[in-house]
1. Sorted by average packing, counted as other Cβ atoms within 10 angstrom per residue and highest first, what order do 69-82, 30-43 take?
2. Residue by residue through segment 18-31, which ³J(HN,Hα) values in whole Hz follow from phi under the Karplus form 6.51 cos²θ - 1.76 cosθ + 1.60 (θ = phi - 60°), with glycine and proline marked x?
3. Please report, as a whole percent, how much of the solvent-accessible surface of segment 122-186 comes from carbon and sulfur atoms (probe radius 1.4 Å).
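The values are calculated or read from the model by the stated rules, or taken from the named source; none is laboratory data. If you're wondering where the values come from, they're calculated on a predicted model, not measured in any experiment. Cβ: placed from backbone, ideal geometry, glycine included. Neighbour counts: every protein chain shown. Remember, those area values only see protein heavy atoms, side chains included, never the ligands or the DNA or RNA. Shrake-Rupley method; radii C 1.70, N 1.55, O 1.52, S 1.80 Å.
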Amino acid sequence: MTESLAEEPGTAERIVRTAAAGDEVAFARLIAEHHATMARVAFVICGDADATRDAVQAAWATSWRRMGSLRDPSRVRAWLVAIAANEARQALRRRRREPVVDISAEIGQRAGGDPAESLELLDLRRALGALRADERALLAMRFAAGLDSSEIAGQLGLSASGVRSRLARLLDRLRTELAVMSGSDR
């Protein structure tokens, strides 16, 4: 399915309503359209491929059960991303230990380049790993899923300006942390 559901006006809403009525084909179209975005968001929160797969699978099961509760079918993307983020946060709570993220493949890809780039990647992973799950979820919804502040606000029960403020403070903290890491580790 390479076509976007949003190509024709009203198509996405019709598909959501049909899926909510129990149509598995319509639900499969939603999966084809939104699965990758949900997986990106869950991975940013979990940092682990297995936990990500589990969280996204649980998110799809939840969305299938609750599809009829979606009040505005035109906002299905933000709704699905929020469910994936919630499932990913729950997966983190279930795990009692810190996640170990295997970044050797990414470092191996950069092996021919500047070693400092690998250190920057490690610093970023460490800084993101130090964030709370809800903070990673906010970043994931904005940058991995591409939701705007009003879409995020609608899913988290915040104001759009509150989302922008939280994101600004969070990004400032990350910049400061990365500056400290790059100055003190080398």
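1. On the way: 69-82: 18.3, 30-43: 20.9.
By packing density, highest mean first, the sequence is 30-43, 69-82.
2. 5, 5, 5, 7, x, 6, 5, 5, 5, 5, 4, 5, 4, 4
3. Values: 1900 of 3520 Å².
The computed percentage sits at 54.
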